[in-house]
Structure formats: structure tokens, C-alpha cells
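Reviewing the structure listed below.
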Amino acid sequence: MSAPFDRPLTADATDGLGRDAVPLASGAVSPQAGDDERVVESALRPHSLADFIGQPKVARQLDLVLEGAKRRGRPPDHVLLSGPPGLGKTSLALIIGSELGTSVKITSGPAIERSGDLAAMLSNLGPGDVLFIDEIHRIARPAEELLYMAMEDFRVDVVVGKGPGATAIPLEINPFTLVGATTRAGLLTGPLRDRFGFVGQMEFYEVAELQQVLARSAALLGVELTDEGSAEIAGRSRGTPRIANRLLRRVRDFAEVRADGRVTREVARAALALYDVDELGLDRLDRAVLEALVVRFGGGPVGVATLAVAVGEEPHTVEEVCEPFLVRAGLLARTPRGRVATEAAWRHLDVPLPRGGVPLLGGGTAVPGGTGGAPPSPGASSETLFDA
């Protein structure tokens with residue numbers, strides 16, 4: 001019988017909660033997770049704040065919130081966790097329930113289409129239970145308005161009937177704690193954001209923290225992982241524990257089939273090269289975008305639609321999947337005129353810098369071996385052939 005962590009990844013479009021699942025074509029370094037991969041993650045998740053690795057500021061603050069609530073004998077304030085996918089928001093939500101000794105009901109914003117769905121969910125909560133809503137910024141507006149009263153007064157109004165004869169029946173619900181998770185805090189409405197008593201901003205992990213995550217996961221998976229192998233995987237994981245654990249499982253497969261089962265630096269490098277994950281954590285699509293920008297368009301500026309056509313992908317895939325990490329890694333910049341490759345992108349692809357240097361965002365040029373050049377002359381054209 002196969003263990004939960006040995007189940008294959010899925011190519012389904014959505015998971016059981018209505019959240020977008022990651023397609024197999026998105027590569028090993030996508031921060032999203034497929035439905036079956038969440039089963040793997042559940043086996044690797046920590047069950048207490050003491051076991052949770054990383055996010056030290058959020059963990060300390062949350063520990064104070066939970067400890068104060070337990071001493072008062074009341075549910076803690078509602079909690080909002082924001083940050084990129086794969087950093088542990090779901091894990092922290094489950095830890096909150098575990099620390100409080102209560103049940104955790106899990107759903108997602110896209111799955112709540114009507115206010116009645118949310119009312120039924122809230123009425124089934126026990127005293128002190130935790131309701132976790134992932135991607136809460138995508139909750140339907142009628143359900144969000146019902147949530148306001150539930151969060152403040154622990155009461156919902158159930159509308160019976162239609163038209164002039166409709167009647168609102170107040171329904172008392174048990175005190176509960178709402179934990180909302182969002183990857184786009186800016187899309188939350190002001191009234192909803194203001195009702196959260198604690199807001200935790202999740203940050204990307206350092207390599208040393210990812211090595212601790214990998215060491216813990218390797219022990220649970222029964223993988224012999226050396227410090228050098230751990231450092232190699234962590235350095236290519238884009239600061240995201242979900243990606244680190246995924247790469248560990250892929251390297252484990254390589255080590256068991258083509259090596260002695262021990263994950264060393266050499267084994268990790270060979271395995272990650274096979275899966276098209278380079279030293280910075282770029283996959284095939286990331287490099288295709290950079291190569292198109294640098295080689296075909298001379299470093300830009302070029303519009304995202306043109307760039308997407310050049311790599312054979314949809315514009316939203318380039319904009320939402322590739323660009324966030326490329327911008328954070330300092331390889332690509334978004335400008336009003338289009339996308340521009342930085343000097344680091346040219347060097348990473350081992351492509352010689354253009355004779356005139358790479359244009360700097362604030363004016364001037366970066367020349368080979370130098371820190372910058374003179375600003376462009378007043379008569380220089382600022383037009384681009386490619387629309388942003």
C-alpha cells in the first residue's frame with residue numbers, strides 16, 4: 001500500500017474546495033499546489049507553533065494572541081494571514097485550531113457562492129471552533145456582507161421567502177474564530193479587513209530556514225539528506241517551503257533510482273538539472289521568457305502580450321506565474337513602456353552585454369565592468385516598437 005506522500009501529482013483544474021490547482025505543465029517550482037499534493041503536504045505539516053519553522057515575527061505575535069485568549073477563556077480575535085502561496089498560511093490556520101484545542105472547518109472563497117452556504121457553515125460551528133477561509137478575497141459579495149455581522153455579533157440573518165413577503169430571521173451562532181488567508185490583500189474590501197483583530201504578513205524564507213524545513217521533511221519521508229544536498233535544494237526553492245518539499249521528493253526519486261538513495265550535493269544537482277531547475281530556481285518557462293526578452297528583443301522594453309506570444313504562452317501565465325519571481329530576483333523589471341531585462345539577466349544567461357550597455361531604470365546605462373553611464377541624450381528616442 002502506498003503512503004500518502006507517494007501519491008502522484010494531479011492535473012485537475014481545481015481542488016475539492018474550488019481553489020485553482022496547479023497544472024503539471026507549470027513545472028516543479030510553481031508555488032501553487034494540486035489536489036493530491038495537498039495530501040502530501042498534510043503529512044508534512046507541523047502541528048504546533050513550536051514545530052513551525054520560519055516566520056518568527058508572525059509566530060511570536062500569534063503565540064501571544066492565542067495565549068491571551070486561552071487565559072481569558074474566550075476565542076481569540078479573527079486572524080488574517082496574507083502573503084504569496086506556499087509559505088504556510090494553511091499550516092498556521094490548522095495550528096491555531098490545534099493550539100486552542102478546537103475543530104477547524106476548512107473552505108475557500110470561490111467555494112462560497114451564496115450567503116446561504118456561509119450561513120449553513122456558520123450555524124454548524126461549535127463553541128470556539130475555527131473557520132478557515134482560503135483565498136478569502138474571492139468570496140462572493142452577499143456572503144461577505146453576511147460575514148460582517150457574524151464576525152462582530154456572532155449572529156446571522158437568514159432571509160425566508162422572496163419579494164415583499166420576505167422575512168429576516170436572526171440566528172445566533174456560537175462564538176468562533178475566523179482565519180482568512182489571501183495572496184492578494186489589496187483585493188480585500190475595507191470593511192472586511194477592518195474586522196480582523198490580527199493581521200500577519202508572511203515573508204519568503206531564508207535559505208537556512210528552508211534547510212530546517214527540508215531536514216524535518218526528510219526525516220518524515222525517510223530520506224537520507226546531507227547538509228550539502230539540503231543547501232543545494234534550498235537555494236533553488238525560491239524562498240518557498242512548498243517548492244522545497246516538492247523538489248525534495250523529486251530529488252528523492254532520482255536518488256533512489258539512479259544513485260544509492262542518499263541525497264548529496266552532486267545527486268541534488270543532477271536531479272534538479274534533469275527537472276530543468278537551475279541555480280536560481282528558474283524553470284524552463286522562466287528561462288524562455290528571459291531568453292526571448294534578451295536575445296530576441298535586445299533586453300526590451302517589450303509588452304507582455306508580445307513576450308507571451310514569443311514563448312507560446314498566455315499573457316496571464318507570463319504575468320502571474322513567471323514575472324513575480326523574475327522581478328523579485330532582480331532579473332526583470334516592469335516599466336510603463338514594457339518589460340525590461342536587467343544586467344543580471346544578461347549575466348545569468350551568459351549572453352554578452354550590448355555594446356552600449358543595458359539601460360538603467362532611472363536613466364543612463366549599465367556598461368560591462370562598470371556601475372553605470374551617462375543619461376541618454378535629450379534627442380534620443382523613447383519610443384518602443386512593442387506595446388506595453
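The values are calculated or read from the model by the stated rules, or taken from the named source; none is laboratory data. Quantities reported herein were computed from a predicted structural model and do not represent experimental measurements. Glycine also receives a Cβ, built like all others from the backbone with ideal geometry; neighbour counts cover every protein chain displayed.
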Near pairs, Cβ below 8 angstrom, 6+ apart or cross-chain, from region 318-332 (at negative phi and of a type in the set (Phe, Trp, Tyr)) to any residue that is modelled with pLDDT of 85 or more and assigned to a helix (DSSP H, G or I): Phe325/Asp286
Between residues in region 115-129 that are modelled with pLDDT under 85 and residues that are outside any helix (DSSP H, G or I) and not β-branched (Val, Ile, Thr), which pairs lie under 9 Å by C-beta distance while being six or more apart or on different chains? Ser115/Ala140; Asp117/Ala140
Are any of the residues in region 171-188 acidic (Asp, Glu), out of contact with any helix residue (DSSP H, G or I) (no Cβ under 7 Å at 6 or more places or on another chain) and modelled with pLDDT of 90 or more? no
Look through Ile112, Ile133, Ile106 and report the one residue that is crowded, with 22+ Cβ neighbours inside 10 Å, aliphatic (A, V, I, L, M) and at pLDDT 90 or above. Ile133
Total residues in region 63-83, condition in contact with a Pro (Cβ under 6 Å, 6 or more places away or on another chain) and outside any helix (DSSP H, G or I): 1
Taking the residues in region 173-190 that are more than 15 Å from Ala93 (Cβ to Cβ) and in contact with a Phe, Trp or Tyr (Cβ under 6 Å, 6 or more places away or on another chain) as candidates, determine which candidate is surrounded by the fewest Cβ atoms within 10 Å (Cβ to Cβ). Pro175
Do you know which residues across region 101-137 are assigned to a helix (DSSP H, G or I) and among the charged types (D, E, K, R)? Asp117
Hits in region 213-229 - residues which are closer than 26 Å to Val130 by Cβ and crowded, with 18+ Cβ neighbours inside 10 Å: Val213, Ser217
For Lys105, indicate whether it is of a type outside the set (A, V, I, L, M, F, W, C), closer than 30 Å to Gly239 by Cα, in contact with a Phe, Trp or Tyr (Cβ under 8 Å, 6 or more places away or on another chain) and in contact (Cβ under 8 Å) with a residue 12 or more places away in the chain. yes
